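Asker: Shown below is the structure under consideration.
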Amino acid sequence: MRKHNTALTRFGRKVKGSYQSYGLGVKLAAVVILGLCFVFIWSVFSPSSYSVAYQRDTFDDIREPISSANRKKVTSLVPSTKKEQPHNKKLKHRSSSGEKKKRVDRSSLPSKSGGWHKNDKSGVDRKRKGEDLKLPKKADEVKEQELEGSETDVLEKENEEEKIGNDKQEEEKKVVEVKENEKEKTENNSKQEGEGVDGKETEKEEIESNKEEEGEGEGTVDGNEGNGELANTEELDQESAEKVEDEDEDEKAKDNGKKDKNLGPLFDPKAHYTWNLCSTRSKHNYIPCIDFESASGKLQNYRHHERSCPKAPQMCLVPLPPGGYETPVSWPESKSKILYKNVAHLKLEAFVKKGSWVVESGDYLAFPTNQSIPKGGIQHYLDFIEEMVPDIEWGKNIRVVLDIGCEDSSFGASLLEKDVLTLTLGLKDDLVDLAQVALERGFPAVVTPFGTRRLPFPSGVFDAIHCNDCHASWHSNGGKHLIEMNRILRPGGYFILSSKHNSIEVEEAMSTLTASICWNILADKTDEISDIRIKLYQKPQANDIYQLRRKKVPPLCKANENPDASWYVPIKSCLHTIPESIEQRGTEWPEEWPKRLETYPDWMNNREKLIADSEHWKAIVDHSYLVGLGIDWSNIRNVMDMKAINGGFAAALAQQKVWVMNVIPVHAPNTLPVVFERGLIGVYHDWCEAFGTYPRSYDLLHADHLFSRLKNRCKHPIVIVVEMDRILRPGGWGIIRDKVEILDPLEKILRSLHWEIRMTFAKDKEGILCAQKTMWRP
């Protein structure tokens with residue numbers, strides 16, 4: 001019995017212990033169930049702000065670090081408006097330097113409600129860090145709508161908005177492409193009909209509205225890329241050209257991520273100028289961007305290998321020659337003698353002592369007509385060339401010639417008597433400054449390095465190029481220099497190479513090179529009198545011959561490469577194709593001179609405007625410049641048109657005993673081929689930099705609305721006035737036509753330079769200023 005009772009007692013204890021453990025489990029389960037019920041009730045009846053906060057934090061956690069898709073999700077929280085769409089379109093189609101730059105620009109755009117778009121970089125960073133991001137009022141409305149659904153509904157809604165945004169972007173892209181196609185179609189039609197882009201008024205208004213919306217401008221070659229193609233007929237009249245410049249100017253500002261703003265007056269009317277003389281190694285012959293600025297004598301050379309301008313604006317004045325300066329000898333007497341003191345320096349003095357074609361005669365440097373570098377005289381040299389190739393009819397078939405190097409300016413002097421306009425290219429290695437001697441004599445010349453960059457000329461414009469012992473290594477460096485000659489030479493044009501002594505290696509290299517670029521050698525003879533060997537090459541007139549080469553070296557240039565781009569553009573090791581369509585420039589040889597001056601080929605789209613432009617300038621020159629400004633034109637020989645368009649000003653002076661350097665600013669429409677086609681000469685140039693010529697080179701400077709077009713181009717427009725003072729001779733004249741708001745402070749600047757103001761006239765906010773430079777130096 002005791003054992004039985006003991007067993008029962010043990011069993012009861014076990015049952016009691018298990019019951020107690022089971023009760024504990026029930027209690028725990030009840031607590032858990034009550035807790036879940038509490039959480040459920042809290043989530044249902046709690047305020048919505050807590051829920052959306054939890055949802056937004058969750059979205060941030062699952063997002064990837066900065067990506068384009070994520071930005072779209074953030075942007076979808078802010079309702080887009082129609083007013084903002086043009087801004088987005090501008091950002092989308094501008095030619096910026098990268099996507100990163102576009103995103104930064106977009107972040108600066110305000111929303112319609114007055115807040116800022118949330119897809120800025122700082123906003124994304126704040127959200128990634130879990131910080132609060134304030135939303136505009138309209139965004140709060142979107143937020144309340146999103147809170148009505150579950151977390152899944154919010155994600156689906158954002159995905160739908162993202163898809164809608166993508167669809168809108170695709171629609172905008174299609175709209176832009178349609179507009180661009182319409183614009184291209186309009187331009188093509190204008191070329192065929194000879195009416196330019198003026199066509200229908202509705203089409204013109206639509207194109208202009210597209211430009212305003214899309215931020216597009218008609219490109220020329222900038223900066224930094226050089227000059228645009230001559231395709232638009234609006235480039236052929238002044239007003240349209242200035243309009244295109246303004247559009248380019250606005251587009252450039254947008255490309256740099258800058259907002260349009262009023263930069264104020266071009267010249268500060270309250271500024272006071274104090275002038276000092278330049279202290280440079282080349283002293284009174286200083287050419288900025290070509291000569292070194294340092295006055296130190298440690299450098300062996302004093303010229304840059306390539307064009308390189310000073311970082312600081314050039315605000316000093318170039319001094320006069322040590323022996324003083326006198327009024328130059330007038331034309332045509334200057335062909336035979338010039339004042340020595342005006343060009344004197346040590347290296348020229350040493351050259352004169354051992355030279356034969358120039359002699360010192362009292363106060364003058366004389367150039368005897370019977371003395372020239374080729375024996376037998378320069379006239380015999382020219383006749384011998386014409387006998388070799390009778391098609392070279394100086395003054396008729398050949399009008400515009402480029403003379404490489406400037407050792408003896410008698411070549412250009414003799415050709416001038418045959419109505420041939422020869423532009424002498426003074427190279428940087430011309431330490432004797434013979435190009436300055438040529439300018440003093442009254443012959444066209446420009447100074448430029450000829451290394452790895454293209455020359456500042458358009459393609460296919462020179463009738464002939466001449467090199468007489470010009471010390472150019474045509475065959476070296478892959479023949480790039482000769483390829484550059486091929487670029488600027490007219491199809492069917494002539495390259496005249498004369499020398500006395502060439503090694504066999506050089507002869508073989510030149511033969512291989514000229515064959516590779518398909519130049520045809522027309523004649524190869526040695527003149528017995530002068531003992532000079534002359535080779536005449538001709539550039540091909542069709543592209544078929546390029547396909548017959550065994551080795552396609554150098555290759556043909558890509559179709560999208562602009563052959564006219566030359567400002568700070570490296571020389572390309574390729575051959576540009578030759579125009580073949582009659583609507584293209586270069587398919588036909590120009591008319592004989594002087595008919596060439598007033599003949600407008602088919603590729604010049606708007607002949608009526610060209611004719612009107614010529615008549616406009618002829619009337620101004622005949623009735624104002626020649627008789628009404630008090631200028632003694634017998635003392636005027638070297639003239640520069642600082643902002644030429646079609647050469648109308650130069651054509652109006654064709655009957656005068658002057659030559660005109662037509663300068664086409666690199667940011668302006670590319671009308672320089674029109675200038676050359678008319679038998680005139682010119683160069684590309686950026687007036688924010690110094691011009692490639694010697695001090696005191698020109699007798700008259702003409703600037704028609706140059707300053708108003710450079711308002712947003714140059715950081716320091718005053719440097720243009722300083723450059724005018726440098727290249728104009730004492731006693732020389734400046735004719736400036738511009739807006740009155742520019743002419744008034746400009747007159748003050750010229751007075752500070754001690755220029756004498758001869759005449760001012762203003763009407764309807766436009767005016768003209770005529771001033772004469774004096775001998776004054778600080």
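The values are calculated or read from the model by the stated rules, or taken from the named source; none is laboratory data. What you see is a predicted model, and the numbers here were worked out from it, not measured in a lab. Glycine also receives a Cβ, built like all others from the backbone with ideal geometry; neighbour counts cover every protein chain displayed. The protein model used for the area step is the full one, side chains on, heavy atoms only, and it has no ligands, DNA or RNA in it. Shrake-Rupley method; radii C 1.70, N 1.55, O 1.52, S 1.80 Å.
Asker: Relative to the present Cα-Cα distance, how much length would full extension add between residue 268 and residue 40 at 0.36 nm per residue of separation? Walk me through the intermediate numbers first.
Answerer: Numbers: separation 228, 0.36 × 228 = 82.08 nm, distance 7.38 nm.
That pair, residue 268 and residue 40, stretches by 74.7 nm at full extension.
Asker: Something else: Hey, can you grab everything whose amide H is under 5 Å from the amide H of residue 364? Only 5+ residues off in sequence or another chain; H modelled, so Pro and N-termini drop out.
Answerer: 340
Asker: For the stretch 665-680, what does the Karplus curve 6.51 cos²θ - 1.76 cosθ + 1.60, with θ = phi - 60°, yield as ³J(HN,Hα) per residue in whole Hz, taken in order and with x for Gly and Pro?
Answerer: Rounded to whole hertz, the list is x, 5, 8, 8, x, 7, 9, 4, x, 5, 4, 5, 4, 7, x, 10.
Asker: Still on this structure, please answer the following. Whole Å is fine, so just give me how far the alpha carbon centre of the stretch 302-381 lies from that of the stretch 690-721.
Answerer: After rounding, the separation between the Cα centres reads 24 Å.
Asker: Taking H as built 1.01 Å from N, whose amide H comes closer than 5 Å to the amide H of residue 643, not counting residues under 5 places away?
Answerer: 663, 704
Asker: Oh, and also: Name all residues of the stretch 375-398 having a backbone nitrogen under 17 Å from the label point set 7 Å from the Cα of residue 589 along its Cα→Cβ direction, giving them as ranges.
Answerer: Within reach of a label on residue 589: 385-398.
Asker: Points 7 angstrom from Cα along the Cβ direction at residue 551 and residue 523: gap in nanometres?
Answerer: Each label point lies 7 Å from its Cα, and together they span 3.1 nm.
Asker: Run the simple label-point estimate for residue 473 and residue 619 please: 7 Å along Cα→C-beta, distance reported in nm.
Answerer: The two pseudo-label positions are separated by 5.7 nm.
Asker: In addition: Ranking request for peptides 640-653, 555-568, 490-503: highest mean number of other beta-carbon atoms within 10 Å first, then the rest in descending order.
Answerer: 640-653, 490-503, 555-568
Asker: Estimate the FRET efficiency between residue 393 and residue 612 by the formula 1/(1 + (r/R0)^6), using the beta-carbon distance for r and 25 Å for R0, to the nearest 0.05. Display every interim value, and only then the final one.
Answerer: Numbers: r = 32 Å, r/R0 = 1.27.
Here the calculated transfer efficiency is 0.20.
Asker: Also, quick follow-up: Quick check on the stretch 460-524: what are the equivalent-ellipsoid semi-axes from the Cα gyration tensor, as sqrt(5λ), descending, whole Å?
Answerer: 18, 13, 12
Asker: Then there is this: I'd like to check one number: the per residue accessible area of the stretch 343-578, probe 1.4 Å, reported in Å² as a whole number.
Answerer: 42
Asker: On to the next question. Could you compute the FRET efficiency for residue 748 and residue 308, with r as their C-beta to C-beta distance and R0 at 45 Å, rounded to 0.05?
Answerer: Given R0 = 45 Å and the Cβ-Cβ separation, E is 0.90.
Asker: Further question: For the stretch 343-578, what number results from the quotient of the Cα radius of gyration and 2.2 N^0.38 Å?
Answerer: Here the answer is 1.03, to two decimals.
Asker: Quick one: with all protein chains in place, what share of the accessible area of the stretch 502-555 is carbon or sulfur, to the nearest percent (1.4 Å probe)? Before the final figure, lay out the partial values.
Answerer: Working: 1740 of 3290 Å².
Summing carbon and sulfur atoms, their accessible area is 53 percent of the total for the stretch 502-555.
Asker: Separate question: Using modelled amide H (1.01 Å from N, peptide plane; none on Pro or chain starts), what sits under 5 Å from the amide H of residue 522, excluding residues fewer than 5 places away?
Answerer: So residue 522 has HN proximity to 536, 537, 538.
Asker: With θ taken as phi - 60° and the coefficients 6.51, -1.76 and 1.60, list the Karplus ³J(HN,Hα) couplings across the stretch 505-516 in order, rounded to whole Hz; mark glycine and proline as x.
Answerer: The phi angles translate into 4, 5, 4, 5, 5, 5, 5, 5, 5, 5, 5, 5 Hz.
Asker: Something else about it: P(r) of the stretch 568-644 in 5 Å steps, Cα pairs, percent per bin?
Answerer: Each 5 Å bin holds this share of Cα pairs: 3, 10, 11, 16, 16, 14, 12, 8, 5, 3, 0.
Asker: Using only Cα atoms, figure out Rg for the stretch 304-417 and give it as a multiple of 2.2 N^0.38 Å.
Answerer: 1.36
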